[in-house]
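Engineer: Pasting a structure here, questions to come.
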Amino acid sequence: TFALQLYVGLSCHKHYMETYFTSMHIIDRETDSVHNQNLDHEDAQAYIVQITNEVTQDDNIKRYKVKSETTEVIAMINKIFTNQRIEEGDKDVIAKRLLAQEIIVQTKIEHLGRKIKKGGLIQSFFIDGDGIYYFLISKIESNQYLDETELIRRAGLPYDKKALKSCLFLLNIDGEIT
């Protein structure tokens, strides 16, 4: 993991954020697997910071209430908050849940000639200077492109329009999702 240092505008003033954990997974429906990516490279860290800033600064947001504390994703967020870290065996839980749901949805829309966009999942758990905890889940797009140097097809993450869908959970000091 790396120390994600962000300055984000979540209200009328900027906050410094300290992360507890950040991960990025590639969601591979073809092999029915998720792959945890190494985020040690400086470019990967900068990419995560950009996505986190974009999501936390987005004024075009919808607010939802959590209907059940027992769903797999909410239970995992609560566990991470309680432990203030993520257990090794829990790193893939939310990514595997996304993979399972994408497989179900793809089966339902195949007859329409449509495909769910390929991509990955970013998760980040962090706290601001006011003691508000955040858990970010963001589905990121993966695109194919022609490498300019080697002139071969590659897959990669775009710098423009990175996040397809994002969800930012805010937790108060008691761990209640607000």
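The values are calculated or read from the model by the stated rules, or taken from the named source; none is laboratory data. Because the structure is a prediction, the values reported are computed rather than measured. Quick reminder, even Gly has a Cβ in these numbers, built from the backbone with ideal geometry, and neighbours come from all protein chains shown. For the accessible areas, the whole protein counts, side chains as well, though only heavy atoms, and no ligand, DNA or RNA atoms are used. Shrake-Rupley method; radii C 1.70, N 1.55, O 1.52, S 1.80 Å.
Engineer: Lys/Arg Cβ at +1, Asp/Glu Cβ at -1, dipole of the chain taken about the Cα centre: which of 81, 27, 107 is farthest positive-ward?
Structural biologist: Farthest towards the positive end: 107.
Engineer: If you split all Cα-Cα distances of the chain into 5 Å bins from zero, what percentages do you get per bin, shortest first?
Structural biologist: In whole percents, the pair-distance histogram is 1, 7, 16, 19, 21, 16, 10, 5, 3, 1, 0.
Engineer: What FRET efficiency do you get for residue 152 and residue 60 if R0 is 45 Å and r is their Cβ-Cβ distance, rounded to the nearest 0.05? Please list the in-between numbers first.
Structural biologist: Numbers: r = 37 Å, r/R0 = 0.83.
FRET efficiency, residue 152 to residue 60: 0.75.
Engineer: Give me the Debye-computed log₁₀ of I(q)/I(0) at q = 0.14, 0.23, 0.25 Å⁻¹ for the stretch 131-178, equal point scatterers on Cα only, no solvent, two decimals.
Structural biologist: The computed values of log10 I(q)/I(0) come out as -0.53, -0.82, -0.88.
Engineer: I would also like to ask the following. Ignoring ligands, DNA and RNA, how do 63, 153, 114, 85 rank by accessible area with a 1.4 Å probe, largest first?
Structural biologist: Working: 63 195, 153 175, 114 150, 85 125 Å².
Ranked from most to least accessible, the order is 63, 153, 114, 85.
Engineer: Mean residue ellipticity at 222 nm from the helices of the chain, using -39,500 (n - 2.57) per DSSP H segment of n ≥ 4 over the full residue count, to the nearest 500 deg cm²/dmol?
Structural biologist: On the way: 3 runs with 45 residues, N = 178.
Estimated from H runs of four or more residues: -8500 deg cm²/dmol.
Engineer: Over the stretch 27-178, give the accessible area per residue in Å² for a 1.4 Å probe, as an integer. Intermediate results must be reported in sequence, preceding the final value.
Structural biologist: Numbers: 9840 Å² over 152 residues.
Per-residue accessible area for the stretch 27-178 comes out at 65 Å².
Engineer: Now for a different question. Let me know the shape class of the stretch 19-121, please: from the alpha-carbon gyration tensor, a ≥ b ≥ c as square roots of the eigenvalues, rounded when a/c is under 1.5, otherwise prolate if a/b is greater than b/c, or oblate. Mind showing how you got there, number by number?
Structural biologist: Details: a/c = 1.37, a/b = 1.25, b/c = 1.10.
Rounded, since a/c falls under 1.5.
Engineer: Measure nothing fancy, just the Cα-based angle from helix 42-57's long axis to the longest principal axis of the chain, in degrees from 0 to 90, nearest 10.
Structural biologist: 60 degrees
Engineer: Pick from 58, 160, 32 the residue whose mean-square fluctuation is largest in a GNM of the chain, springs joining Cα atoms under 10 Å.
Structural biologist: 160
Engineer: Stretched out fully, how many nm does the piece from residue 101 to residue 118 gain, at 0.36 nm a residue minus the Cα gap? Can you show the working numbers first?
Structural biologist: On the way: separation 17, 0.36 × 17 = 6.12 nm, distance 1.33 nm.
Full extension of this stretch gives 4.8 nm more.
Engineer: Which percent of the accessible heavy-atom area of the stretch 46-156 goes to carbon and sulfur, probe 1.4 angstrom? It would help to have the intermediate numbers written out before the result.
Structural biologist: On the way: 3520 of 6990 Å².
Here carbon and sulfur together make up 50 percent of the probe-accessible area.
Engineer: Okay, next question. Report, in whole Å, the centroid distance computed from the Cα atoms of the stretch 91-135 and the stretch 145-178.
Structural biologist: 10 Å
Engineer: Ok, one more. Looking at the stretch 49-154, which chymotrypsin sites (Phe, Trp or Tyr not before Pro) are DSSP coil and have at most 14 other C-beta atoms within 10 Å of their C-beta? Display every interim value, and only then the final one.
Structural biologist: On the way: sites: 64, 81, 125, 126, 133, 134, 135, 145; in loops: 64.
Qualifying residues, ordered by number: 64.
Engineer: Hey, with R₀ at 35 Å, roughly what FRET efficiency would residue 44 and residue 108 work out to, going by the Cβ-Cβ distance, to 0.05? Before the final figure, lay out the partial values.
Structural biologist: Values: r = 33 Å, r/R0 = 0.95.
Efficiency for this residue pair is about 0.60.
Engineer: Which value in nm describes the separation of the simple spin-label points at residue 74 and residue 174, placed 7 Å from the Cα toward the beta carbon?
Structural biologist: Going from the residue 74 label point to the residue 174 one covers 1.6 nm.
Engineer: Let me ask something else about it. Hey, in the GNM for the chain with a 10 angstrom Cα cutoff, which one of 65, 165, 91 fluctuates hardest?
Structural biologist: Among 65, 165, 91, the largest mean-square fluctuation in the Gaussian network model of the chain belongs to 65.
Engineer: Can you tell me which aspartates and glutamates have their Cα less than 17 Å from the Cα of residue 62? Leave out same-chain residues fewer than eight positions away.
Structural biologist: Leaving aside aspartates and glutamates fewer than 8 places away in the same chain, those within reach of residue 62 are 54.
Engineer: Could you state the per residue volume, in Å³, of the convex hull enclosing the Cα atoms of the stretch 79-178? Please report the intermediate quantities before stating the final value.
Structural biologist: Details: hull volume 16.6 nm³, N = 100.
Given the Cα convex hull of the stretch 79-178, per-residue volume reads 166 Å³.
Engineer: Going by alpha carbons, how many degrees (0 to 90, nearest 10) lie between the helix axis of 72-83 and the longest principal axis of the chain?
Structural biologist: Roughly 50 degrees, rounded to the nearest 10.
Engineer: Straight distance only, please: which aspartates and glutamates reach the Cα of residue 115 with their own Cα at less than 17 Å, same-chain residues fewer than 8 apart left out?
Structural biologist: 28, 30, 32, 102, 141
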